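The next block holds one structure in the form of structure tokens; read it before the comments.
The values are calculated or read from the model by the stated rules, or taken from the named source; none is laboratory data. Worth saying up front: this structure is predicted, and the values here are computed from it rather than measured. Note that each Cβ is placed from the backbone with ideal geometry, even for glycine, and that neighbours are counted across all protein chains shown. Note: areas computed on protein heavy atoms with side chains; ligands, DNA, RNA excluded. Shrake-Rupley method; radii C 1.70, N 1.55, O 1.52, S 1.80 Å.
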Amino acid sequence: MNEIINKEIEILWADDEKYSVEQKLEAFSRLKESASEKDLPQLLELLKSDRNNFWTRELLSEPVSQLGGSECLPELFEALFLNEQEGHDNDSFRLFLTEIAESEPEKCKEQLMLLLSKPDFKNKKDAEWLLQFCK
């Protein structure tokens, strides 16, 4: 377990009275710099945490997208769904998803088709949208 990630996520999750936005962004920068593929399971657990809000989920979507790519689409779509439920526009989050589709189009398309075939998949509209970037 990467202790730097644990330390920095605690800053991100802290009350705004304890840390400024600038301090939180610096913590995220340190988190992102220290994260590697071996930290992906930890990042996925953090992404799923109930302690998140739309902002921390969107921040975490960046290293998860970059390190995990298409393999992490189920978790990323779940986080995207939660953000949408909270009324967030997910602009940056969607950018990270399109980067996955453009960097590994065949793998992304395969994963999207698998997700779309599941009857309980909540993000059909978003998955269909992302398919257009799998060229």
What is the calculated FRET efficiency for Leu116 to Asp50, with r their C-beta to C-beta distance and R₀ = 35 Å, to the nearest 0.05? 0.80
Measure of compaction for segment 96-135 (Cα Rg per 2.2 N^0.38 Å): 1.05
In nanometres, the difference between 0.36 nm per residue of separation and the alpha-carbon distance of Lys135 and Ser20 is 37.3 nm
Relative contact order, percent, of the chain when contacts are C-alpha pairs under 8 Å separated by at least 6 residues? 20
Taking the convex hull of the alpha-carbon atoms of segment 13-79 and averaging its shadow over every direction gives an area in square nanometres of 4.3
How would Trp55, Trp13 line up by accessible area, probe 1.4 Å, largest first? Trp55, Trp13
In the chain, what is the volume of the convex hull around the alpha carbon atoms, normalised per residue and reported in Å³? 104
Can you give the relative contact order of segment 30-106 as a percent, counting alpha carbon pairs under 8 Å and 6+ residues apart? 32
Just to check I understand the Karplus step: with θ = phi - 60° and J = 6.51 cos²θ - 1.76 cosθ + 1.60, what whole-Hz values come out for segment 96-102, glycine and proline as x? 5, 5, 5, 5, 4, 4, 6
Springs between alpha-carbon pairs under 10 angstrom, Gaussian network model over the chain: which of Glu71, Glu17, Glu62 fluctuates most? Glu17
Here is the link list: Lys7/Lys107; Lys24/Lys124; Lys7/Lys124; Lys24/Lys48; Lys48/Lys124; Lys18/Lys38. Which ones come out longer than 28 Å on Cα distance? Lys7/Lys107; Lys24/Lys124; Lys7/Lys124; Lys18/Lys38
Using the beta-carbon distance between Met1 and Asp91 and R0 = 35 Å, what value does 1/(1 + (r/R0)^6) give for FRET efficiency, to the nearest 0.05? 0.65
